[in-house]
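Asks: I am attaching a structure below and will ask some questions about it afterwards.
Nothing in this text is a laboratory measurement; each read-out follows from the coordinates by a stated rule. Quantities reported herein were computed from a predicted structural model and do not represent experimental measurements. Heads up, the Cβs are rebuilt from the backbone with ideal geometry, glycines too, and the neighbour counts pull from every protein chain shown.
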Protein chains: 2
Amino acid sequence: MMDQPRFFGAVEAGGTKFVVAIGNDRGEIVAQERFPTADPRSTLANAHAFLRQQAHAFGTLAAIGLASFGPVVLDKDSARYGFIARTPKAGWSDTDMVAALAREFRCPIGFDTDVNAAALAEHRWGAARDVRNLVYLTIGTGIGGGVIVDGVPIHGLMHPEIGHIHPRRHPLDNGFEGVCPFHGDCLEGVASGPAIVARSGAPLLQLDEAHPQWTIEADYLGQLCAQLVLTVSPQRIVMGGGVMSQARLFPLIRTRLLHWLGGYVDRSEILSDIDRYVVAPELGDDAGVCGALVLAMDALTAATEATSASMRNAGSSAKSAPRSPTSRSPR
Amino acid sequence: MMDQPRFFGAVEAGGTKFVVAIGNDRGEIVAQERFPTADPRSTLANAHAFLRQQAHAFGTLAAIGLASFGPVVLDKDSARYGFIARTPKAGWSDTDMVAALAREFRCPIGFDTDVNAAALAEHRWGAARDVRNLVYLTIGTGIGGGVIVDGVPIHGLMHPEIGHIHPRRHPLDNGFEGVCPFHGDCLEGVASGPAIVARSGAPLLQLDEAHPQWTIEADYLGQLCAQLVLTVSPQRIVMGGGVMSQARLFPLIRTRLLHWLGGYVDRSEILSDIDRYVVAPELGDDAGVCGALVLAMDALTAATEATSASMRNAGSSAKSAPRSPTSRSPR
């Protein structure tokens, strides 16, 4: 059994679309489907139907990973673990994302935010393979970030919600109120895709190089990067999402990051190698679903370790309990 | 031997004063001395002399912890591990803080920033005993912060330098340029003790309650807390340092934190229990030196575990190697 290829289920639950997939432990996607995010009942039913069908096709699923838009409840001691918390997305507040999956598939279920998952994927297989501390940012309809410290995503009280920090306003942008329903002119309110359209009447793609929007956007995102350098000290910042598909933004953002740091962080990675410090994702649009795959693999590892530990404990208190040597983790 | 009380050396290397102490693993300080920070050679010689003398008095030191002003090099793979990096403090750039201690005392040496150490101490013995994720802030001559994620301080590329983020400027404070030599009006430039004096002509203590300085200061520190909630998601924020000795600031800061979050983080710890979320240190002025004690204890634990692991490895390749069962870590 152990030498057979193992397959994992992956669900990227996004605010506008769901991506469901089957993959292996090398990050290879072998089946995939996507559909728009509608109401929770029908959308989750679609996801479950895909996994059920594929589980038959691939024998069984070793584990399932679920990477969800947020905010979500990640505290395993909470009765609401696996829920979407209060969200402006109509109908989705208090949706239990995990329980029905666990009931039906009876395998380990990994669960985290979509951005933490994408960060894990870029760490495992992408642009941050060689570091242990990174931030993954997505700049699109909203702005979000996943933070990995020493290989593990930050949860804490809830999870980061980086998009809602308040950057210092750019002098060319003082008249703009911002579009965030909570804060008006927080970062998401002034630098997300909808903010760009609200301010300039068109997405970045359609604005010529001389348009002040480029300057404004790069400044806000440079401030974001600077705040992150000073607060979580990442070894790399990976920036994806629809807005960042405009590759011209990268050098502008790097310049503003250096401006806001003002020479204070005396590290060659920043001072002389900034092109490798702020980078595009390598997994592109697949970062989210590959992240769900990592969540599945990590959930399986955690379950296996927990089983080994409880078997060791059982073994130490009752030496005669049957134990399989192959099920123990390597030493 | 194992049942004898164990003593640890602790050095808090601050920018204005050094505190050197001997303590036990319950955080009790049994000997202590403090002296002003002068040039590196004489200051470190003072610290070493104290430890040498006390090591004689207490038999031996099990380990030494060194909590230093920064920036410092924490990357153990770096040739400059244990150094102070480039610092505006005259004479101290590129000082090797750890090597001479290790040479003389031949025991495990723990090393981290003063603020990470203080955060560890408040986590072990103080105001954040019941959580695993916290931030410790000091607002004084400078502004610094230590970030603990799942019980471990963040290092990453370097370590956090939270004092140098750029808060949004307060409308009552637009004329003030700030005092940070690197950035002018970064947080440290507008909210540290020297900033308050530069702006108002006196420290907070001497300004009456109606002085706008209170409003300005609370707003900047409330922004800092909000950025931290959104970026590292702490379960508690502990605020110390000279400026925070004005207890009147706490309720003002909490109000501004709630303002800047704008209801977005839907957690009862913040929405209904903010008085227990943003708190004063319990260890007061001892947080730094107690933190050095934690660094020492953690260094001893790490060294013991490394020894156990290498003995296990040696044991598995050469079964006849002598092993003491008491030196193995518990399973």
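Asks: For the stretch B:239-309, just say rounded, prolate or oblate: build the C-alpha gyration tensor, square-root its eigenvalues into a ≥ b ≥ c, call rounded for a/c under 1.5, and beyond that prolate if a/b exceeds b/c, oblate if not.
Replies: On the way: a/c = 4.41, a/b = 1.88, b/c = 2.34.
Note, shape of the stretch B:239-309 comes out oblate.
Asks: Taking the 0 to 90 degree range and rounding to the nearest ten, how far is the long axis of helix B:249-261 tilted relative to the main principal axis of chain B, both from C-alpha atoms?
Replies: Result, in degrees: 80.
Asks: What number, in percent, do you get for the relative contact order of the stretch A:144-299 if the mean sequence gap of Cα pairs under 8 Å and at least 6 apart is divided by its residue count?
Replies: The normalised contact order for the stretch A:144-299 reaches 16 percent.
Asks: Follow-up. Label-point separation (nm) for residue A:273 and residue A:60, each offset 7 Å from Cα along Cα-to-Cβ?
Replies: Inter-label distance under the simple model: 4.5 nm.
Asks: Here's a follow-up. I'm checking a number: the convex hull volume of the Cα atoms of the stretch B:72-231, normalised per residue, in Å³. What is it? Please list the in-between numbers first.
Replies: Working: hull volume 24.4 nm³, N = 160.
Measuring per residue, one finds 153 Å³ for the Cα hull of the stretch B:72-231.
Asks: Could I ask something else about it? Dimensions of the stretch B:115-192 along principal axes (Cα, Å, largest first)?
Replies: Largest first, the stretch B:115-192 extends 42, 26, 20 Å along its Cα principal axes.
Asks: Here's another thing I want to ask about it. Restricting to the protein assembly as shown, what percent of DSSP beta bridges are antiparallel, rounded to 5? Walk me through the numbers on the way to the answer.
Replies: Values: 48 of 83 bridges.
Just about 60 percent of them are antiparallel.
Asks: Where the only charges are on Cβ atoms (+1 Lys, Arg; -1 Asp, Glu), what is the dipole of the protein assembly as shown about its Cα centre, to the nearest 20 debye?
Replies: 2040
Asks: Right, something else. What whole number of Å gives the distance from the Cα centroid of the stretch A:211-229 to the Cα centroid of the stretch A:55-114?
Replies: Using only Cα atoms, the two centres lie 34 Å from each other.
Asks: Provide A:209, B:177 in ascending order of the number of other Cβ atoms located within 10 Å of each residue's Cβ, fewest first.
Replies: Values: A:209 6, B:177 12.
Going from sparsest to densest Cβ surroundings: A:209, B:177.
Asks: Calculate, in nm to one decimal, what residue B:215 and residue B:314 gain on full extension: separation in residues at 0.36 nm each, minus their alpha carbon distance. Walk me through the numbers before you get to the answer.
Replies: Values: separation 99, 0.36 × 99 = 35.64 nm, distance 6.30 nm.
Roughly 29.3 nm would be gained on extension.
Asks: Of all the Cα-Cα pairs you can form in chain B, what percent are over 26 Å apart?
Replies: Values: 27872 of 54615 pairs.
Of all Cα-Cα pairs in chain B, 51 percent lie more than 26 Å apart.
Asks: What nm value, rounded to one decimal, do you get for the distance between residue A:80 and residue A:103 when each label is placed 7 Å out toward the C-beta?
Replies: In this crude label model, residue A:80 to residue A:103 measures out at 2.0 nm.
Asks: Which shape class applies to the stretch A:9-62: rounded if a/c is under 1.5, otherwise prolate when a/b exceeds b/c and oblate if not, where a ≥ b ≥ c are the square roots of the Cα gyration tensor eigenvalues? Could the numbers behind the result be given before it?
Replies: On the way: a/c = 2.78, a/b = 1.58, b/c = 1.75.
Because a/c hits 1.5 or more and a/b fails to exceed b/c, the stretch A:9-62 counts as oblate.
Asks: Using the Kirkwood radius built from alpha carbon pairs, what does the Stokes-Einstein equation give as D for the stretch A:16-148 at 37 °C and 0.692 mPa s, in µm² per second?
Replies: Numbers: Rh = 15.8 Å.
So the translational diffusion coefficient is about 207 µm²/s.
Asks: So, one more: Enter the mean number of other protein chain beta carbons within 10 Å of the beta carbon of each residue in B:80-88, as an integer. Let's see the in-between values first.
Replies: On the way: counts 0, 0, 0, 0, 0, 3, 4, 1, 1.
Per residue, the number of nearby Cβ atoms from other chains is 1 on average.
Asks: Using only Cα atoms, tell me the angle between helix A:212-232 and the longest principal axis of chain A; keep it within 0 to 90° and round to the nearest 10.
Replies: Long axis of A:212-232 versus the principal axis of chain A: about 50 degrees.
Asks: Taking every residue in B:143-154, how many Cβ atoms of other protein chains lie within 10 Å of its Cβ, on average? List each step's numbers first, then the result.
Replies: On the way: counts 0, 0, 2, 0, 6, 1, 9, 6, 0, 3, 1, 9.
Average neighbour count from other chains, rounded to a whole number: 3.
Asks: Could I ask something else about it? Taking the Cα centre of the stretch B:1-90 as origin, sum charge times position over the Cβ atoms of Lys and Arg (+1) and Asp and Glu (-1), and report the length of that vector in debye to the nearest 20.
Replies: Details: 10 positive and 8 negative charges, 64 e Å.
Rounded to the nearest 20 debye, it is 300 debye.
Asks: Put +1 on the Cβ of each Lys and Arg and -1 on the Cβ of each Asp and Glu in the stretch A:34-80; which of A:68, A:40, A:51 then has its Cα farthest toward the positive end of the dipole?
Replies: Toward the positive end, the furthest listed residue is A:51.
Asks: Can you sort A:107, B:186 from fewest to most other Cβ atoms within 10 Å of each residue's own Cβ? Write out the running numbers ahead of the final one.
Replies: Details: A:107 19, B:186 27.
Fewest-to-most ranking of A:107, B:186: A:107, B:186.
Asks: What does the helix-only formula give at 222 nm for the protein assembly as shown: each DSSP H stretch with n ≥ 4 adding -39500 (n - 2.57), the total divided by the residues, and the result rounded to the nearest 500 deg cm²/dmol?
Replies: Working: 18 runs with 238 residues, N = 662.
That calculation yields -11500 deg cm²/dmol at 222 nm.
Asks: How high is the relative contact order of chain A, in percent, with contacts defined as C-alpha pairs under 8 Å that are six or more residues apart?
Replies: On the way: 617 pairs, mean separation 66.4, N = 331.
Normalised by residue count, the contact order of chain A is 20 percent.
Asks: Based on the mean of other beta carbon atoms within 10 Å per residue, what is the order of B:227-239, A:7-19, A:81-93, A:239-251, most packed first?
Replies: Numbers: B:227-239: 25.4, A:7-19: 23.5, A:81-93: 16.0, A:239-251: 17.8.
The packing order, highest mean first, is B:227-239, A:7-19, A:239-251, A:81-93.
Asks: Send over the Kirkwood Rh of the stretch B:148-282, from the inverse of the averaged 1/r over different Cα pairs, rounded to one decimal Å.
Replies: Numbers: mean 1/r = 0.0642 Å⁻¹.
For the stretch B:148-282, inverting the mean 1/r across all distinct Cα pairs yields 15.6 Å.
Asks: What's the angle, to the nearest 10 degrees (0 to 90), between helix A:40-57's Cα axis and the longest principal axis of chain A?
Replies: The answer is roughly 50 degrees.
Asks: Could you tell me which of rounded, prolate or oblate describes the protein assembly as shown, using a ≥ b ≥ c as the square roots of the eigenvalues of the alpha-carbon gyration tensor, with rounded for a/c under 1.5 and, failing that, prolate when a/b is larger than b/c and oblate otherwise?
Replies: oblate
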